[in-house]
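Nothing in this text is a laboratory measurement; each read-out follows from the coordinates by a stated rule. Values in this document were obtained by computation on a predicted structure and should not be read as measured data. Please note: Cβ atoms are built from the backbone with ideal geometry, for glycine as well, and neighbour counts cover all protein chains shown.
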There are 2 protein chains.
Amino acid sequence: MVAAAAASRVRATSKDDILDAAEQLFALRGFDGTSMREIAEEAGVAQALLHYHFRTKEGLFEAMFQRRSDAINSSRLARLDQILDAGTPRIEEIIDALLRPTLEAGHDPARGGATFARLILTTGASSHAWQRALIAASYDAMARRYIAAIGKAVPGLSLADATWGYLFVIGAALTHMSPTGRADRLSDGETSDSDTETLIARATTFAAAGLRALAADAARPGPRAGDGGHA
Amino acid sequence: MVAAAAASRVRATSKDDILDAAEQLFALRGFDGTSMREIAEEAGVAQALLHYHFRTKEGLFEAMFQRRSDAINSSRLARLDQILDAGTPRIEEIIDALLRPTLEAGHDPARGGATFARLILTTGASSHAWQRALIAASYDAMARRYIAAIGKAVPGLSLADATWGYLFVIGAALTHMSPTGRADRLSDGETSDSDTETLIARATTFAAAGLRALAADAARPGPRAGDGGHA
DNA sequence: GTCTATAGTTCGATAGAC
DNA sequence: GTCTATCGAACTATAGAC
């Protein structure tokens with residue numbers, strides 16, 4: 001335990017090298033599009049070593065996913081605690097605290113871009129039950145805390161609306177965190193999806209107003225689309 | 001030409017059967033997670049017939065993707081024309097016209113759910129250049145028309161903001177069009193991501209307010225985060 | 001812990017009969 | 001247009017030496 005912690009401070013172990021290579025390739029090409037051979041080559045080790053450390057491809061994916069998700073979520077929760085300690089939270093602060101750790105996660109300036117966000121979305125939408133379970137195990141507790149904070153920052157928001165709002169923020173921002181050049185093309189160069197500060201700023205403005213509108217809409221009298229008669 | 005159109009009206013050809021099977025399986029498991037063998041079995045034909053009709057797996061994917069995308073976008077554009085003909089558009093109408101055709105596309109009530117939305121997102125975020133090119137070829141022209149309409153419905157929106165707004169609407173809604181039960185879980189059963197009308201209604205409220213806020217934010221004096229000095 | 005070698009399976013694609 | 005049969009390459013995982 002102590003030795004392991006000391007070693008991790010000194011230099012990357014082969015286990016870390018494998019996890020780094022796996023994260024890079026899985027994020028880029030997805031679970032099914034990445035082979036154990038490629039990961040081993042990228043990490044500079046024999047393929048059998050991957051199985052020694054992680055048993056199966058699925059085991060390696062889970063270890064890789066948990067490592068980065070834990071880092072993202074501990075950062076998210078630390079920032080949220082700070083915001084809540086300071087008094088009544090502003091919704092813009094909460095959204096920024098939710099998005100920025102993911103944008104910065106695994107953001108290797110030398111390489112492609114922030115592709116772990118893509119991995120979160122595809123893992124959550126996977127047809128493999130174990131991948132969806134991984135999302136639940138890694139993100140649900142953090143999500144509940146943020147949903148509660150959103151409800152606190154925007155009075156009048158029901159739990160249902162706060163949940164949808166949380167999901168919309170995630171979907172809107174994470175979908176475009178891996179730059180594809182599409183924003184550049186569609187705007188004739190007026191903006192760029194490689195500009196992460198623009199993405200965060202616009203997404204925060206967009207989502208904060210969206211959340212307030214969900215609360216305002218719920219406060220209006222009369223039936224509401226999609227409520228299926230629960231009112 | 002005439003004969004082909006007549007035949008397509010009469011009954012599904014083996015080509016259609018293959019495209020149907022491919023759409024179902026690709027949408028469920030992705031390009032790399034689906035094999036030609038599985039598609040052939042699902043379609044009830046020999047695997048060699050897939051290569052006879054579409055040459056390669058990539059060719060089959062492209063044909064499948066184009067067929068459904070064309071259907072979605074012609075529906076989107078027809079609705080948009082209708083809205084624009086009626087005078088000054090309301091932003092809520094535009095968002096509904098943008099989202100509903102995708103939600104209904106390939107929505108087989110007998111089976112899983114509206115999973116083509118997932119395929120659109122993963123195809124656009126793919127590391128394969130030919131998949132991103134497929135998105136550009138299928139969706140950019142439609143997107144430009146909607147971005148222009150959004151700018152018309154929300155005065156004060158720059159092309160850059162309208163583009164980001166369009167991308168946020170797509171990301172927020174399409175990410176959650178394939179039900180996973182996550183909304184149900186996070187809200188303790190207060191809402192459900194299987195309820196498509198709730199999704200559309202909430203997403204429309206959320207996004208309409210978000211777009212108006214982007215315009216209002218741009219109108220405020222002073223520098224703005226992420227503009228990198230272009231102001 | 002790390003390697004080489006390979007077993008056993010599945011894949012995309014093609015050849016060739018009908 | 002549709003089939004059976006199969007090639008050659010890639011895959012995950014394991015055995016066993018060091």
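Is at least one residue of segment B:34-54 in contact with a His (Cβ under 8 Å, 6 or more places away or on another chain) and surrounded by fewer than 20 Cβ atoms within 10 Å (Cβ to Cβ)?
yes
Condition first: within 30 Å of B:ILE150 (Cα to Cα) and either aliphatic (A, V, I, L, M) or within 16 Å of DNA strand D (Cβ to nearest atom) (or both). Can you find one or more residues in segment B:8-29 that meet it?
Yes, segment B:8-29 contains at least one residue that is within 30 Å of B:ILE150 (Cα to Cα) and either aliphatic (A, V, I, L, M) or within 16 Å of DNA strand D (Cβ to nearest atom) (or both).
Within segment B:23-48, can you find the residues that are within 9 Å of DNA strand C (Cβ to nearest atom), over 17 Å from B:LEU134 (Cα atoms) and not small (Gly, Ala, Ser)?
B:THR34, B:MET36, B:ARG37, B:GLU38, B:ILE39, B:GLN47
With the requirement that a residue be more than 8 Å from chain A (Cβ to nearest Cβ) and either crowded, with 21+ Cβ neighbours inside 10 Å or within 15 Å of the chain's Cα centre (by Cα) (or both), what does segment B:150-161 give you?
Taking segment B:150-161 as the starting set, the residues that turn out to be more than 8 Å from chain A (Cβ to nearest Cβ) are B:150-157.
Within segment B:150-161, B:ILE150, B:ALA153, B:VAL154, B:LEU157 meet the criteria.
For the subset of segment A:60-70 comprising residues that are more than 15 Å from DNA strand C (Cβ to nearest atom) and farther than 21 Å from B:THR34 by Cα, which member is farthest from the other protein chains (Cβ to nearest Cβ)?
Step one: filter segment A:60-70 for residues more than 15 Å from DNA strand C (Cβ to nearest atom), giving A:61-62, A:64-70.
Retained after the next criterion (residues that are farther than 21 Å from B:THR34 by Cα): A:62, A:64-70.
Details: A:GLU62: 17, A:MET64: 17, A:PHE65: 16, A:GLN66: 18, A:ARG67: 22, A:ARG68: 17, A:SER69: 15, A:ASP70: 19 Å.
Restricting to residues being more than 15 Å from DNA strand C (Cβ to nearest atom) and farther than 21 Å from B:THR34 by Cα, the top hit is A:ARG67.
Please state which of the following conditions A:ILE147 fails to meet, knowing it meets all the rest: (1) buried (at least 23 other Cβ atoms within 10 Å of the Cβ); (2) closer than 16 Å to A:ILE94 by Cβ; (3) facing chain B (nearest Cβ under 7 Å).
In the conditions (1) buried (at least 23 other Cβ atoms within 10 Å of the Cβ); (2) closer than 16 Å to A:ILE94 by Cβ; (3) facing chain B (nearest Cβ under 7 Å), A:ILE147 misses (1) alone.
When the residues of segment A:55-75 are narrowed to those that are within 9 Å of DNA strand D (Cβ to nearest atom) and surrounded by fewer than 17 Cβ atoms within 10 Å (Cβ to Cβ), which ends up farthest from the chain's Cα centre (by Cα)?
Filtering first and then ranking leaves A:ARG55.
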